[in-house]
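The values are calculated or read from the model by the stated rules, or taken from the named source; none is laboratory data. On a predicted model such as this, the values are computed, not experimentally measured, just so you know. Ideal geometry is used to build each Cβ from the backbone, glycine not excepted, and the neighbour counts take in all protein chains shown.
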């Protein structure tokens, strides 16, 4: 993976496979404290304590087609090489929270990358899943909640071309505004 | 700046069109988006499909994601399923190849043979 936003896309897919109907992503960049953290919280099927302990092992996976699962191990390696790490807590039947932290200015920290593309792909592909996304850079912040958007859209789907274009612009504008230096 | 209020207008405009084309079997573009696909560059490919389809305002085409298709060395992989036709599997895609596929395959009905799995193997 070349960007943290690709790790985020990958890990959020785990939530969706776990049957989550709501996935929340909190992303914060604190340049003063030199740390970048994100946490992904879902209401999917959760994992047993044993699974939580072994899931960072690349030879652990819930899929049956193959014996390796690389998503979480890759994220863990990416975080640890910057002096950060990941924490994982989960409860069967309730959901999972995964948090990752990175040394912001560490030479080995991957760039955050294109968060707009990550969120656009997720929101338009999974009509039955709602997303809450908060992104903060120092004191600048924006948030979106697809439940509010769905209310405005009524029966119109996120996959409608015009909605997709709007969402793409909305995300790009808001992401860019976070980095405008005052 | 885009605001949520824009959605209200999009909704009204879309609903007028949507009634004309409900529930006909549409074209499906399925992008492999597991760890392997994402690492190989599937996200910009999916984005390129969405933007191309939206730009051309192609109704009845949906872009969706799936997990690992099973041939990780050939990612990014995209399958295009046109009703009543055989499924076409494209491999090793990048965003630059997308416009051609949308134009020739989805719009004109002629699969782009050079990007298919048959040509790669």
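Tabulated results
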{"item": "Sole exception among (1) at negative phi; (2) not in a helix (DSSP H, G or I) for residue A:12, by number", "result": "(2)"}
{"item": "Wholly within segment B:7-121, strands (runs of 3 or more DSSP E) carrying at least 1 residues that are modelled with pLDDT under 90 and within 10 Å of chain A (Cβ to nearest Cβ)", "result": "B:61-66"}
{"item": "Single match in A:113, A:83 (criterion: without any contact (Cβ under 8 Å) to a residue 60 or more places away in the chain and in a loop (DSSP other than H, G, I, E, B))", "result": "A:83"}
{"item": "Residue tally, condition within 7 Å of another protein chain (Cβ to nearest Cβ) and either closer than 21 Å to residue B:28 by Cα or out of contact with any helix residue (DSSP H, G or I) (no Cβ under 8 Å at 6 or more places or on another chain) (or both), over segment A:141-167", "result": "9"}
{"item": "Residue among A:157, A:90, A:105, A:168 that is touching a residue at least 40 places away in the same chain (Cβ under 8 Å) and more than 19 Å from the chain's Cα centre (by Cα)", "result": "A:105"}
{"item": "Failed condition for residue A:78, given (1) surrounded by 14 or more Cβ atoms within 10 Å (Cβ to Cβ); (2) not in a helix (DSSP H, G or I)", "result": "(2)"}
{"item": "Residue in segment A:28-55 that is farthest from residue A:98 (Cα to Cα), counting only those that are more than 14 Å from chain B (Cβ to nearest Cβ) and in contact with a helix residue (DSSP H, G or I) (Cβ under 7 Å, 6 or more places away or on another chain)", "result": "A:44"}
{"item": "Residue list for segment A:143-159, filter: farther than 12 Å from residue B:10 by Cβ, surrounded by fewer than 16 Cβ atoms within 10 Å (Cβ to Cβ) and modelled with pLDDT of 85 or more", "result": "A:143, A:147, A:148, A:151"}
